[in-house]
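The values are calculated or read from the model by the stated rules, or taken from the named source; none is laboratory data. All values reported here derive from a predicted model rather than from experimental measurement. Here the Cβ positions follow ideal geometry from the backbone for every residue, glycine too, while neighbour counts run over all protein chains shown.
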Amino acid sequence: MAPDPFAAEERLLQELDHVARRVRAALTRPMTPGQRLALADDLLDLRRRIRAAQAALRTAIRGTSAANAAANAYRRTGLLRR
């Protein structure tokens, strides 16, 4: 059975909240170059995983005929990109 894309999304959102708290904390105190690099690396990795989850969800949605009709409607309104 395929993993639940919504569970993965929830984990990513929780991690995004965690990283956002780290960024807010980092803005209130001095950081070493190594700490800044580690935070930037975490942000880039999270961004990559969010994009991968979006692509997987987009693929899953496009896999059904009813979803295809809905996706076409969203595409016409400009709310969904290919």
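Does Leu80 satisfy the condition of being at pLDDT below 90, part of a loop (DSSP other than H, G, I, E, B), surrounded by 10 or more Cβ atoms within 10 Å (Cβ to Cβ) and in contact with a Lys or Arg (Cβ under 9 Å, 6 or more places away or on another chain)? Criteria met by Leu80.
Looking only at residues in the range 61-75 that are modelled with pLDDT of 75 or more and among the aliphatic types (A, V, I, L, M), the one that is nearest to Gln14 (Cα to Cα) is Ala70.
Let's see how each residue does on (1) of a type outside the set (Lys, Arg); (2) at negative phi; (3) under 15 Å from the mean Cα position of the chain (by Cα):
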| site | (1), (2), (3) |
| --- | --- |
| Ala7 | yes, yes, yes |
| Arg11 | no, yes, yes |
| Ala20 | yes, yes, yes |
| Leu27 | yes, yes, no |
| Pro33 | yes, yes, no |
| Leu39 | yes, yes, no |
| Ile50 | yes, yes, yes |
| Leu57 | yes, yes, yes |
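Would you be able to say whether some residue in the range 5-21 is modelled with pLDDT of 80 or more and not in a helix (DSSP H, G or I)? The answer is no, given that none of the residues of the range 5-21 is modelled with pLDDT of 80 or more and not in a helix (DSSP H, G or I).
Does Ala26 qualify as being surrounded by 12 or more Cβ atoms within 10 Å (Cβ to Cβ), closer than 26 Å to Ile61 by Cβ and not acidic (Asp, Glu)?
Taking the combined requirement at face value, the residue does not satisfy it.
Among the candidates Arg47, Arg21, Arg58, the residue that is among the basic types (Lys, Arg) and surrounded by fewer than 12 Cβ atoms within 10 Å (Cβ to Cβ) is uniquely Arg21. Look at the range 45-70: where a residue is more than 17 Å from Asp4 (Cβ to Cβ) and a partner is part of a helix (DSSP H, G or I) and modelled with pLDDT of 80 or more, sitting 6+ places away or on another chain with Cβ atoms under 7 Å, you get Leu46/Glu15; Leu46/Leu16; Leu46/Val19. The set of residues in the range 27-44 that are more than 30 Å from Phe6 (Cβ to Cβ) and either part of a helix (DSSP H, G or I) or among the charged types (D, E, K, R) (or both) comprises Leu27, Arg29, Pro33, Gly34, Gln35, Arg36, Leu37.
When the criteria are applied in full, Asn68 meets the requirement of being polar (S, T, N, Q), in contact with a helix residue (DSSP H, G or I) (Cβ under 9 Å, 6 or more places away or on another chain) and part of a helix (DSSP H, G or I).
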